[in-house]
Amino acid sequence: MTRRFAPYALLMLLGAGWGLTQPLSKIAVSTGYQPLGLLFWQLVVSALVLGALVAALGKGLPRGRAAWRMCAIIALVGTLIPNSFSYLSISHLPSGVTSIVLSIVPMFAFPIALGMGIDRFSPLRLTGLGLGLAGVALIALPHGSLPDRAAVLWLPVALIAPVFYALEGNIVAKWGTAGLDPIQLLFGASLVGLAFALPAAVASGQFIAPRPAGPEAALVALSVLSSLVYAGYVWLIGRAGPVFAAQVSYLVTGFGVLWAMLILNERYSAWVWSAFAVMLLGLALVRPRAQEALPGRVAPDPVVDAAGARDTGALCETDEIGDTRPEAT
C-alpha cells in the first residue's frame, strides 16, 4: 500500500518544492540586486548541487562537441534568457501571479511543436492555448486586477520565460540530448551558463557579493531546491511515466499561489482567481492523454517534455536515470 501511494506523495512534494521557488525568487529580488548578478550565483549553487548528483550517480562531465553544444543551447534557451526575465518581472509582479503565468508553458509548447513538425494539430489543445491567453487577459485587462495598475506593463516581460521554456522542451524533443542524461545535461548547462553569466554580470555592473544571511539566503535556497526537485522529477518519470509526472504542473501553480499567500501575505483580486481557474482548465486541455499513466509506461509526447517543471520543464523522457533518449515523433 505504501509503495502504491509513494509516487503520489512524491508528486505532491515536488509540486510544493517547485511552487516555493517563486516566493523565494521574490524575496531574492527584494535585495535590489539586478538579474545577472542573481543569475550568476544561482548557477554557482546549481552547478555545485548538480555536480554532486552527477558524481553520486557515477556520471562524468559531458564529452564531445555535440554534448557541449547541447549544453550551451540549454544554458541559453533554458536558463540565461528566461531566468533573467523572470527575475526582472517578479520584482514588479506579485509572486502568485508569476506562478499563474508560468503555467502557460505547455500551452506555448503546442504551437512551437507544430511549427517544428513534432506534433499534430489538435482542436482541443488549440482551445487550451486560447484559454491560457484568456487567463493572461483576465490579469492584464480589467481595472483593479493587480494592486498596482502599472505592474500590468510587466506581464509581457513575464511571458518571455514561458516562451523560452516551451522552446527548450521542444528543442530536446526534436534533437535529443546528445547522449546525456537529464542531470548531466543540466550540470553541463550550468557550467556553460556560468561562463556567460560571469562576464555579463561584471561588464554590466550587476555582479554582486551576496551576504551569507538575510534575503540573499533565499537565492541559495531556491537554487538548491530547484536542483533537488528536478532530480526527483526525473526519478519520478522513470518510475511512474511522463504523463503521470507531468501532472506536477497543476501542483506547482497551486502551491506557488499558496506559498505566496502564506509567506508574502499576498492577496489577489477576483480577476486573478478567475485567471487561475482558466489557466488550470487550459493546462488540462493541452495535457496528453494516456490509458494508463501509473505505473505503466506511456507513449512519449513532445508537449510533455516542454510542459513540465524545470523551472517549469522536463527536458526529456527517461525510463530510468541514465537511460535517456529523444522523443519519438
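Filtering region 90-105 down to residues that are in a helix (DSSP H, G or I) and touching a Pro at 6+ places or on another chain (Cβ under 9 Å), which residue is farthest from Arg267 (Cα to Cα)? Selected residue: Val105. Would you call Leu264 in contact with a Pro (Cβ under 8 Å, 6 or more places away or on another chain), surrounded by fewer than 20 Cβ atoms within 10 Å (Cβ to Cβ) and either among the β-branched types (Val, Ile, Thr) or at pLDDT 95 or above (or both)? The answer is yes for Leu264. Touching a helix residue (DSSP H, G or I) at 6+ places or on another chain (Cβ under 7 Å), surrounded by fewer than 18 Cβ atoms within 10 Å (Cβ to Cβ), touching a residue at least 24 places away in the same chain (Cβ under 8 Å) and not aliphatic (A, V, I, L, M): is that true of Gly179 in this structure? It is true that Gly179 is touching a helix residue (DSSP H, G or I) at 6+ places or on another chain (Cβ under 7 Å), surrounded by fewer than 18 Cβ atoms within 10 Å (Cβ to Cβ), touching a residue at least 24 places away in the same chain (Cβ under 8 Å) and not aliphatic (A, V, I, L, M).
Checked against the criteria, Val105 counts as at pLDDT below 95 and either within 21 Å of Ala246 (Cα to Cα) or of a type in the set (Val, Ile, Thr) (or both). For the residues Ala166, Ala246, Ala161, the requirement of being in contact with a Pro (Cβ under 8 Å, 6 or more places away or on another chain), surrounded by 23 or more Cβ atoms within 10 Å (Cβ to Cβ) and either farther than 23 Å from Ala75 by Cβ or without any contact (Cβ under 8 Å) to a residue 60 or more places away in the chain (or both) singles out Ala246.
Do the conditions hold for Ala66, that is, is it part of a helix (DSSP H, G or I), surrounded by fewer than 18 Cβ atoms within 10 Å (Cβ to Cβ) and either touching a residue at least 40 places away in the same chain (Cβ under 8 Å) or within 17 Å of the chain's Cα centre (by Cα) (or both)? For Ala66, the condition - part of a helix (DSSP H, G or I), surrounded by fewer than 18 Cβ atoms within 10 Å (Cβ to Cβ) and either touching a residue at least 40 places away in the same chain (Cβ under 8 Å) or within 17 Å of the chain's Cα centre (by Cα) (or both) - is met.
Counting only helices (runs of 4 or more DSSP H) that fall entirely inside region 183-297 and contain at least 1 residues that are among the basic types (Lys, Arg), the qualifying elements are 216-240. One residue stands out in region 13-37 among those that are more than 16 Å from the chain's Cα centre (by Cα) and under 18 Å from Ser99 (Cβ atoms): the one that is surrounded by the most Cβ atoms within 10 Å (Cβ to Cβ), namely Ala28.
Would it be correct to say that Ala134 is under 20 Å from Ser269 (Cβ atoms), at pLDDT below 95 and more than 20 Å from the chain's Cα centre (by Cα)? Against the criterion (under 20 Å from Ser269 (Cβ atoms), at pLDDT below 95 and more than 20 Å from the chain's Cα centre (by Cα)), Ala134 does not qualify.
Of all residues in region 145-158, those that are at pLDDT 95 or above and surrounded by 13 or more Cβ atoms within 10 Å (Cβ to Cβ) have Cβ atoms under 7 Å from Cβ atoms of residues that are hydroxyl-bearing (Ser, Thr, Tyr) and part of a helix (DSSP H, G or I), 6 or more apart or on another chain, in Trp154/Ser89; Val157/Ser89; Ala158/Ser89; Ala158/Thr98.
On the given criteria, is Arg325 under 21 Å from the mean Cα position of the chain (by Cα), closer than 23 Å to Ser99 by Cα and either among the charged types (D, E, K, R) or at pLDDT below 90 (or both)? Taking the combined requirement at face value, the residue does not satisfy it.
Looking at region 233-243, can you tell me whether even one residue there is within 14 Å of the chain's Cα centre (by Cα), at pLDDT 95 or above and of a type outside the set (A, V, I, L, M, F, W, C)? No.
Report yes if Ala28 is of a type outside the set (Val, Ile, Thr), assigned to a helix (DSSP H, G or I) and either within 29 Å of Val243 (Cα to Cα) or in contact with a strand residue (DSSP E or B) (Cβ under 7 Å, 6 or more places away or on another chain) (or both), otherwise no. Spelling it out, it is not the case that Ala28 is of a type outside the set (Val, Ile, Thr), assigned to a helix (DSSP H, G or I) and either within 29 Å of Val243 (Cα to Cα) or in contact with a strand residue (DSSP E or B) (Cβ under 7 Å, 6 or more places away or on another chain) (or both). Residues that are within 13 Å of Ser190 (Cα to Cα) and either part of a loop (DSSP other than H, G, I, E, B) or basic (Lys, Arg) (or both) within region 42-63 comprise Leu61, Pro62, listed in sequence order. When restricted to residues that are over 16 Å from Ser89 (Cα atoms) and part of a helix (DSSP H, G or I), region 152-182 contains 11.
The values are calculated or read from the model by the stated rules, or taken from the named source; none is laboratory data. These figures come from a predicted structure and were not determined experimentally. Using ideal geometry, Cβ is built from the backbone for each residue, glycine included, and neighbour counts are taken over all protein chains shown.
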